[in-house]
Amino acid sequence: MLLDWWERYRRLILIVAAIAFLALSFWLYQRDNREGTVGVPIAASAYAQGAAEPKAPSVATTPAEQRAAPDASVPASASRQLAAGAAQEQAAPSLYVDVKGKVKKPGLYRFAPGKRVADAIEEAGGALPQADLDQINLAQPLADGTALIIPAKGSSGTSPLPGVGLPSPASVQVGVNGAPGAGSSKQPGKTVNLNSATVQELMTLPGIGESRAAAILEYRTQVGRFRSVDELKKVSGIGAKMFEKIKDHIVAQ
């Protein structure tokens with residue numbers, strides 16, 4: 001009886017069993033997938049990680065901050081030397097020199113410390129063709145508050161660098177109305193050499209003040225040596241009466 005029943009319904013039983021097996025297998029597969037995902041943390045995206053991380057300190061962007069920020073590639077000793085050099089450069093005062101004589105652009109110029117006579121001549125436009133640079137020490141350092149007079153060819157200065165080291169006219173002590181004060185006194189009995197006298201020595205002559213002494217030096221620089229004392233009358237401000245007052249106190253040697 002069982003064999004007859006099996007032979008009659010065998011195909012139907014096999015189909016039902018196959019469908020049941022497939023359904024069971026699918027159900028087990030779905031259950032395993034659900035259990036595998038439970039408790040697994042969701043990995044944070046790269047964008048979320050970047051937003052959660054703290055921002056690095058901002059880099060100095062202003063020129064002052066860039067100069068203050070130390071360079072990691074520079075040794076500490078070199079950084080200290082650079083900082084000391086910058087501080088010394090800022091603290092050093094400027095030099096003011098009156099450049100005149102045989103230059104293209106005479107005038108008062110400002111220089112950084114350490115500049116030389118050659119730098120001053122270049123700043124003044126260069127020397128004129130009639131300038132005598134053989135009398136000048138081009139390597140001499142500039143000094144604040146001095147006058148650099150470039151001599152003409154054929155002239156003779158009081159030093160290899162005429163004008164440098166001599167006080168400017170403003171430094172000479174002058175009394176009321178241009179009369180010499182206690183800083184300079186007239187010495188009528190002293191003979192002054194027109195070809196070597198300084199501003200102070202010329203101001204010891206009777207009636208010679210600051211402006212006339214500067215005019216005599218300017219004439220000597222541009223024209224050259226005085227060949228005789230009478231040539232002094234060619235200087236601006238020296239008239240016949242003034243010449244009579246000082247002719248016995250001057251020489252041209």
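For the pairs Lys100/Lys241; Lys102/Lys153; Lys104/Lys233; Lys100/Lys153, flag any whose C-alpha to C-alpha distance is greater than 20 Å.
Lys100/Lys241; Lys104/Lys233
Under the Karplus relation 6.51 cos²θ - 1.76 cosθ + 1.60, θ = phi - 60°, what is the ordered set of whole-Hz ³J(HN,Hα) values for segment 227-234, x standing for Gly and Pro?
7, 7, 5, 5, 5, 4, 5, 7
Each reported figure results from applying straightforward, stated rules to the coordinates on display, with no laboratory input. Note that the coordinates shown come from a computational prediction; the quantities given were computed from them, not determined experimentally.
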